[in-house]
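**Q** The structure's right below; bear with me while I get my questions together.
No value in this document is a laboratory result; all are computed from the given coordinates. Note that this is a predicted model, so its numbers are computed, not measured. Glycine gets a Cβ as well: all are built from the backbone with ideal geometry, and neighbour counts include every protein chain shown.
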Amino acid sequence: MSRVVRRPIAIVTALILFVEACGVVLVNWVLGLLARDQNMSMAGVDPHAISVGAWVAGGLFGLFLAVCAVLLLLIGIRDRAPGRVARITLIACAVVHAVLAAFTVGLVGWAAFALFMVVFALLVLVLLAYVRERPGLLPGGGPEPEPAPEDGPPPAPNGTPAAA
């Protein structure tokens, strides 16, 4: 994939993840307020603990998405393959989006599923567009192929030439 195509994809994916991070934080903040104001309790858990838990969970997940967005923005600006930790983080983000997409089909609907799958596809596309070249793994970077064997009897199992 050329630089002209892969850089904008990484930057657009980063912007989408920033928006998603803000949305997750906002939704969890509202859920925490609702749990606190309506004095909601589940299985005897204190309503204050539920609201604080919603705020903390939203903040941590929003932070995770923001970190992934910053990594994608750096990848798009520098136009270089991500390092090992960044690649693992982005793979985890893609897996989370795939799992959330599966859950949202039943809970929210097909439109939410489609949005999660678009983000998932963009993450996978960025990961595949920025493959780090290593000798022996990609075409053109591997060792030279062995020459074709000459006509004749096959060699003996111990490597010595067979008698004719």
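**Q** Over the C-alpha atoms of segment 2-85, what are the Rg and the largest Cα-to-Cα span, Dmax, in Å?
**A** Answer for segment 2-85, Rg first and Dmax second: 17.6, 57 Å.
**Q** Also, quick follow-up: Would you mind calculating the gained length between N39 and L125 on full extension (0.36 nm times residue separation, minus the Cα-Cα distance), in nm to one decimal? Spell out each step's value before the answer.
**A** Values: separation 86, 0.36 × 86 = 30.96 nm, distance 4.44 nm.
Fully extending the segment from N39 to L125 adds 26.5 nm.
**Q** Taking 0.36 nm per intervening residue step and subtracting the Cα-Cα distance, what contour gain separates S2 from V19 on full extension? Spell out each step's value before the answer.
**A** Values: separation 17, 0.36 × 17 = 6.12 nm, distance 2.65 nm.
Extra length available between S2 and V19 comes to 3.5 nm.
**Q** Next up: Dipole magnitude of segment 54-136 about its Cα centre, charges +1 at Lys/Arg Cβ and -1 at Asp/Glu Cβ only, in debye to the nearest 20? It would help to have the intermediate numbers written out before the result.
**A** Values: 6 positive and 2 negative charges, 61 e Å.
The dipole of segment 54-136 has a size of about 300 debye.
**Q** Treating the beta-carbon of each Lys and Arg as +1 and of each Asp and Glu as -1, no other charges, what is the dipole magnitude of segment 1-116 about its Cα centre, to the nearest 20 debye?
**A** Working: 8 positive and 4 negative charges, 149 e Å.
It works out to roughly 720 debye.
**Q** How many nm separate the modelled label positions at V118 and F61, each set 7 Å beyond the Cα in the direction of the Cβ?
**A** Result for the modelled spin labels: 2.0 nm.
**Q** Mind jotting down the distance between the C-alpha centroids of segment 72-110 and segment 17-37, whole Å?
**A** Taking the Cα centre of segment 72-110 as reference, the centre of segment 17-37 is 20 Å away.
**Q** Enumerate the calculated ³J(HN,Hα) couplings along segment 60-66 in order (Karplus 6.51 cos²θ - 1.76 cosθ + 1.60, θ = phi - 60°), each rounded to whole Hz, writing x wherever the residue is Gly or Pro.
**A** 5, 5, x, 5, 4, 5, 5
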